[in-house]
Amino acid sequence: MTPHIVLEPELEAELWDVCIALLQAVAIAWVPVPTAQAAFKERFTEIGGRAGLSSREIGLVCLGFKCWLLTHQDEYTEQYAKGNTRRLW
């Protein structure tokens, strides 16, 4: 069974802000993916802690972020180069 993590709306919004900022950093400023992952882990550990998530749940979200980042970084870079800065997801 795949765990499903639900965050309060304000924490979910904060999580998306972090994800998008780090995607932009990787795709536009060429920040290395491991650096973005470390920054995400630091931020989400704090967000997840406020949400009452376990360390396992926090780890799963961090893994999900890595997969999401690797999946979307090339598309975002391509769209940004074309001047299309709308949300892609």
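The values are calculated or read from the model by the stated rules, or taken from the named source; none is laboratory data. Treat the numbers as computed from the prediction; the structure is a model and nothing was measured. Here Cβ is always computed from backbone atoms with ideal geometry, including for glycine, and neighbour counts include all displayed protein chains. Note: areas computed on protein heavy atoms with side chains; ligands, DNA, RNA excluded. Shrake-Rupley method; radii C 1.70, N 1.55, O 1.52, S 1.80 Å.
VAL6 falls short on exactly one of the conditions (1) assigned to a loop (DSSP other than H, G, I, E, B); (2) touching an Asp or Glu at 6+ places or on another chain (Cβ under 7 Å), and that condition is (2). Suppose we keep only residues that are part of a helix (DSSP H, G or I) and of a type in the set (Phe, Trp, Tyr) within region 47-89. Which one would you say is nearest to ALA27 (Cα to Cα)? Filtering region 47-89 for residues that are part of a helix (DSSP H, G or I) and of a type in the set (Phe, Trp, Tyr), the one nearest to ALA27 (Cα to Cα) comes out as TYR76.
With respect to the stated conditions, PHE44 is of a type in the set (Phe, Trp, Tyr), open to solvent by less than 30 Å² (accessible area, probe 1.4 Å), part of a helix (DSSP H, G or I) and farther than 29 Å from GLY83 by Cα.
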